[in-house]
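Chemist: This is the structure I have questions about; it appears just below.
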Amino acid sequence: GGHIEKRTHTGYRDASSPVIDTGALNVIRAVAVRRGMRMHQQDAVSAYLCTKERSPRVVKVSRAFTNRLIEAGLKVENDSLLLAVQKCLYGYDDCGRQFYELVRSILLRLGFTPCPDEPCLYKITTFANSRRETVIVCHHVDDFMFVENSTSYFNYIREELNKYFQFDG
């Protein structure tokens, strides 16, 4: 007989970005309400442009598009309509994964602790004036939900994140 290999399914392809589980997100919201914590939902503006293509893709553009780029200041050295895309763009297969990896690395650098069972959930805690101050981050591709019990600590965390991302609102 043949051998059947057992594989573990992680819920996403290697090229896909993991996203927060809806049930986990609802639990976080319920805990926040129960504990009187504040919630903030924000979108990272042009999120994928924060990441670089691992191997630039070549795209063919129209002459009109090239002319617009030249008018905007792009220095063109030949007549080619081929451009190398160096930043990730929505719709490319691995750009969501690259943005997820960027978010993860930044949150870890800032001192956040990842949830071992939910790849898009992080928490950071500090103590100030004998009070535990907490910020929880849940992210779903480029949408972020922050849960916090200290406006000043949340503002500090947002200032740190603003060094890497621009958020709407």
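Chemist: How many lysine pairs does the chain hold where the Cα atoms are under 20 Å apart and the two sit 8 or more places apart or on different chains?
Modeler: Lysine pair count for the chain: 8.
Chemist: Describe numerically, in nm with one decimal, the distance between label points set 7 Å from Cα along Cα→Cβ at D117 and at V58.
Modeler: Distance between the two pseudo-spin positions: 4.9 nm.
Chemist: Let me know the Rg and Dmax you get for the chain when you use only its Cα atoms, in Å.
Modeler: 20.6, 67
Chemist: Here's something else I'd like to know. For V141, what is the net charge nearby, where nearby means another residue's Cβ is under 11 Å from its Cβ and Lys, Arg count +1, Asp, Glu -1?
Modeler: Taking every other residue near V141 into account, the sum is -2.
Chemist: Oh, and also: What is the dipole size for the chain, taken about its Cα centre, with +1 at each Lys and Arg Cβ and -1 at each Asp and Glu Cβ, in debye to the nearest 20?
Modeler: So the dipole magnitude of the chain works out to roughly 240 debye.
Chemist: In Å², and per residue, what accessible area does the chain have when probed at 1.4 Å with the other protein chains present?
Modeler: On the way: 11020 Å² over 169 residues.
So the chain comes to 65 Å² accessible per residue, rounded to a whole number.
Chemist: Under 8 Å for C-alpha pairs, at least 6 residues apart: give me the relative contact order for the chain, rounded to a whole percent.
Modeler: Computed over the chain, the figure is 32 percent.
Chemist: What's the percent breakdown of Cα-Cα distances in the stretch 77-164 across 5 Å bins, shortest bin first?
Modeler: 3, 11, 21, 20, 14, 10, 6, 5, 4, 3, 2, 1, 0, 0
Chemist: I would also like to ask the following. Report in % the part of the accessible area of the chain that belongs to carbon and sulfur, leaving out ligands and nucleic acids; probe 1.4 Å.
Modeler: Its accessible area is 50 percent carbon and sulfur atoms.
Chemist: Using a Gaussian network for the chain with springs between C-alpha atoms less than 10 Å apart, which of these wobbles most: F154, F127, F65?
Modeler: Maximum among the listed residues: F65.
Chemist: If you place +1 on the Cβ of every Lys and Arg, -1 on the Cβ of every Asp and Glu, and leave all else neutral, what size is the dipole of the stretch 25-97 about its Cα centre, to the nearest 20 Debye?
Modeler: It comes to approximately 480 debye.
The values are calculated or read from the model by the stated rules, or taken from the named source; none is laboratory data. These numbers come from a predicted model, not from an experiment. Heads up, the Cβs are rebuilt from the backbone with ideal geometry, glycines too, and the neighbour counts pull from every protein chain shown. In case anyone asks, the SASA skips ligands and DNA or RNA and just uses the protein heavy atoms, side chains included. Shrake-Rupley method; radii C 1.70, N 1.55, O 1.52, S 1.80 Å.
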